[in-house]
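Below is one structure, written out as structure tokens; the observations come after it.
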Amino acid sequence: MQEYEEIRKECETQGSKVDDEEFEDLLSYARRKADVLGKGESYISYLLPDVIREYLFRNTVNAISMAIMNVADI
């Protein structure tokens, strides 16, 4: 778990910040993803940074899309 916290801190220094609950969900998602790929626990350290960035990118795109739809309704 310590290794994952270090990955989280590295992502935060690059601007990718998530709260504790989001991080736990993303870590669980990375574990499931590694399992589906047939990889071991060690593969999670490779997946986790991308999982965090993808999550934040998806949230940003969704927020922009919602804002555009709200503007279109005016």
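The values are calculated or read from the model by the stated rules, or taken from the named source; none is laboratory data. Keep in mind that this is a model prediction, so the values were computed, not measured. Glycine gets a Cβ as well: all are built from the backbone with ideal geometry, and neighbour counts include every protein chain shown. Ligands, DNA and RNA are stripped out before the accessible areas are found, and what is left, the full protein with its side chains, is counted by its heavy atoms. Shrake-Rupley method; radii C 1.70, N 1.55, O 1.52, S 1.80 Å.
In the chain, the calculated helix contribution to ellipticity at 222 nm averages -27000 deg cm²/dmol per residue, counting -39,500 (n - 2.57) for every DSSP H run with n ≥ 4.
Normalised per residue, the accessible area of the chain is 73 Å², obtained with a 1.4 Å probe and no contribution from ligands, DNA or RNA.
Mean separation of Cα pairs under 8 Å and 6+ residues apart, divided by the residue count of the chain: what relative contact order is that in percent? 34 percent. Sites listed here are trypsin sites (Lys or Arg not before Pro) in the stretch 30-68 whose DSSP assignment is loop and whose Cβ has at most 16 other Cβ atoms within 10 Å: LYS39.
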